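My questions will all concern the structure given below.
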Amino acid sequence: MFKSIFDNPVSGSIAGLMIALLAVMAAFGLYVSSPESFGETGFFVEPEGIYYLADSWTMNYDYLEISFSPGTLIVPGYNHGRITAVLIIPPDDSPGEFAFSFPEEVRGDLPDRLSDSMGQALLIINYDDFKTIIRDSGDTILLRADDVDVPTRYLLREFEQSNNILTHYRFFGAVNYLSPPSKTVLLQLEGNRTGVLNYYEDTMVRLKGLDIDLEFEHPELEKRFYPPPGFLPRVASYMVLLTLGAAAMTLVATAGHTPEQRKITGEYNPLWTMAALLTAFIYTWLMVLYQSLFQPAAVWMAVLWALPLILVGAWAVQSRLEPEFFGIKKEGVVLAVVLAVALAVFLTIGSAYRFPEGIDFPVGIFAAMMIASVLRETLLRGFCQRILGHWLNPWLAILLVAVVWTAAVVVSQLPLASGESLFLNILGTLGKALLLGFVYHRTGHVLAPGLLAGFLAFFSAHLIY
């Protein structure tokens, strides 16, 4: 029934348009009615020209006490003119100190008082708390940046750690960061013995380091401050609705134009084909891990994604399969390009929650990213999804390839995400992978998902907000 509706140009266009409008309206209504922000893309913390110098000073939390020596440097970090983080650097000859004191029933093997000298601290803090706790505390004096012998490049590198400890998630290429509200307790400490420690104190208390992983419920707090209550279900619902809207737009564009699935008329060995599929999935995992660890140039990624396609091409020749079987053909190029551009613009604006202010457009990088994405999608959709779709069915093939890709991406990001950030990253990655598979299924052309993935990757890296 549904297939006959969407295979008809008129009924398919009308049905797809209605679904798209309803999904977009629901997503927009959810966003504007939300009491809290969904996050902010283009997040960048940097110092400005005013620093502070602290006298003897102590900060007390429920389970943590931090003390600073005279001469401690305090550098506020700004994101779009708003204080978001504070970097605290004690003098080399007089480091600060911190001490954790956890209840006996939750601390496990930790001592009753875990203390260490402190190299520096990074506090996630908003302007109201900064003004109350630091600026107007009476323990600081004002300095100009010119009076401090600390390289700006060093400060920028240290402030980059804010991006790792803030709640954040990747959604169709855009990385959204949730700024801290008042009373947020989220910080990173560098101890001389304990190393780097991340500490979060809210309804849940978390302390994580190289050899420490402690988490327990706060016995006195019932209302969560960061992330705010309801943040996860609202953002997850918005992500689902936006993905549904993009899928409905695909239905509108491809109504009545869905190519028939060709039957395999060649002769191929099922065991060798299964081995090729398994090898393609393993290679994909290794490529995702390699890109996450080393951030190679786009040109090099294009070369690496081309290598397995040489073997796929040899397998196709031996199996007497034409390129059209995989979605490599002249027919439908215009539809693939137009659909990829339209979806990329729609998803980029929808996932960033605002319009960009400009774009940095290096032609060489753009071309390399597009080629790498098309080659990757040719392997994942043109080969893996197409073969699995023949053996099983197209919908199960879309799901299997999407799950494999999502697992690879999430595993590579595990050290940088946890809790709600991890869940939203899984949902966003899976939604994008399912959409790319659906676009390939409806258009029957590898250019459509390849160009869409390339545009999303390029926009996320080069749009200016």
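Give the calculated FRET efficiency between residue 105 and residue 223 to the nearest 0.05, with a Förster radius of 25 Å applied to their Cβ-Cβ distance. Mind showing how you got there, number by number?
Working: r = 23 Å, r/R0 = 0.93.
Computed FRET efficiency for residue 105 and residue 223: 0.60.
Moving on. To one decimal place, what orientation-averaged projected area in nm² is obtained for the convex hull of the Cα set of the chain? Please list the in-between numbers first.
Numbers: hull surface 102.4 nm².
With every direction weighted equally, the projected area is 25.6 nm².
OK, next. Give me P(r) over segment 46-217, computed from all C-alpha to C-alpha distances, binned every 5 Å, as integer percentages.
For segment 46-217, the pair-distance distribution reads 1, 8, 17, 21, 21, 16, 9, 5, 2, 0.
So if R0 is 56 Å, what FRET efficiency would residue 319 and residue 50 give, r being the distance between their Cβ atoms, rounded to the nearest 0.05? Each step should come with its number before you reach the end.
Working: r = 68 Å, r/R0 = 1.22.
Efficiency at R0 = 56 Å is approximately 0.25.
Please work out the Cα center distance from segment 314-366 to segment 183-205, rounded to the nearest Å.
So the two Cα centres are separated by 43 Å.
A further question follows. Could you pull out every residue, at least 5 positions away or on a different chain, whose amide H is within less than 5 Å of the one on residue 179? Hs are placed 1.01 Å off N in the peptide plane, and Pro or chain starts have none.
40
Quote the FRET efficiency, to the nearest 0.05, computed for residue 361 versus residue 113 with a Förster distance R0 of 51 Å and r equal to the Cβ-Cβ distance.
Numbers: r = 55 Å, r/R0 = 1.09.
Efficiency computed from Cβ-Cβ geometry: 0.40.
Sticking with this structure for a sec: Between beta-carbons, use under 9 Å as the cut-off and find the net charge around residue 221, counting Lys and Arg +1, Asp and Glu -1. Walk me through the intermediate numbers first.
On the way: positive: 223, 224; negative: 62, 201, 202, 217, 220, 222.
Every neighbour counted, the sum reads -4.
For segment 168-178, what does the Karplus curve 6.51 cos²θ - 1.76 cosθ + 1.60, with θ = phi - 60°, yield as ³J(HN,Hα) per residue in whole Hz, taken in order and with x for Gly and Pro?
My calculation for segment 168-178 gives 8, 7, 9, 9, 6, x, 6, 9, 9, 10, 9 Hz in order.
A follow-up question, please. Say each of residue 292 and residue 82 gets a label point 7 Å from the Cα, pointing the same way as Cα to Cβ; how far apart are those two points in nm?
Modelled inter-label distance: 3.0 nm.
Contour minus end-to-end for residue 275 and residue 11, with contour as 0.36 nm per residue of separation and end-to-end as the Cα-Cα distance? Don't skip to the answer; put the middle values down first.
Values: separation 264, 0.36 × 264 = 95.04 nm, distance 4.19 nm.
Extra length available between residue 275 and residue 11 comes to 90.9 nm.
Which residues' amide hydrogens lie under 5 Å from the amide hydrogen of residue 85, considering only partners 5 or more residues apart or on another chain, with H built in the peptide plane?
77, 125
Size of the dipole of the chain about the Cα centre, Lys and Arg at +1 and Asp and Glu at -1 on the beta carbon, nothing else charged, in debye to 20?
Values: 28 positive and 43 negative charges, 583 e Å.
Here the chain has a charge dipole of around 2800 debye.
With θ taken as phi - 60° and the coefficients 6.51, -1.76 and 1.60, list the Karplus ³J(HN,Hα) couplings across segment 386-396 in order, rounded to whole Hz; mark glycine and proline as x.
Couplings: 5, 5, 4, x, 6, 6, 9, 7, x, 6, 5 Hz.
For segment 95-130 and segment 412-465, write down the distance between their C-alpha centroids in whole Å.
So the separation of the two Cα centres works out to 37 Å.
Tell me what the chain gives for mean residue ellipticity at 222 nm when only DSSP H runs of n ≥ 4 count, each as -39,500 (n - 2.57), the sum divided by the residue total, rounded to 500 deg cm²/dmol.
Numbers: 15 runs with 224 residues, N = 465.
The helix-only estimate for the chain comes to -16000 deg cm²/dmol at 222 nm.
Which length gain, in nm to one decimal place, applies between residue 61 and residue 342 when the Cα-Cα distance is subtracted from 0.36 nm times their residue separation?
Working: separation 281, 0.36 × 281 = 101.16 nm, distance 4.96 nm.
Difference between extended and current length: 96.2 nm.
Next question, about the same structure. Compute the helix-to-body angle for 333-352: its Cα long axis versus the longest principal axis of the chain, expressed 0 to 90° and rounded to tens.
Roughly 20 degrees, rounded to the nearest 10.
In nm, to one decimal, how far is the modelled label at residue 423 from the one at residue 32, with both set 7 Å along Cα→Cβ?
Rounded to a tenth, the inter-label distance reads 2.8 nm.
In terms of the Cα gyration tensor, with a ≥ b ≥ c the square roots of its eigenvalues, is segment 164-239 rounded because a/c is under 1.5, prolate because a/b exceeds b/c, or oblate? Don't skip to the answer; put the middle values down first.
On the way: a/c = 2.32, a/b = 1.40, b/c = 1.66.
Oblate shape, in that a/c is at least 1.5 and b/c is the bigger or equal ratio.
How many Lys pairs in the chain lie less than 25 angstrom apart by Cα atoms, where the lysines are 8 or more positions apart or on different chains?
Number of lysine pairs found: 11.
Taking amide H atoms as placed 1.01 Å from N in the peptide plane, list the residues 5 or more away in sequence, or in a different chain, whose amide H sits under 5 Å from that of residue 57.
Close amide H contacts, sequence-distant or interchain: 68.
Could you compute the net charge surrounding residue 244? Neighbours are other residues with a C-beta less than 15 Å from the C-beta of residue 244; K and R count +1, D and E count -1. Provide the component values of the computation, followed by the final result.
Working: positive: 432, 442; negative: none.
Here the charged neighbours net out to +2.
Another question, then. Lys and Arg at +1, Asp and Glu at -1: add these up for the other residues within a Cβ distance under 14 Å of residue 351 and post the number.
+2
No lab work stands behind these numbers, since they all come straight from the coordinates. From a predicted model like this one, the values you see are computed outputs, not experimental measurements. Note: ideal-geometry Cβ built from the backbone for every residue, glycine included; neighbour counts use all protein chains shown.
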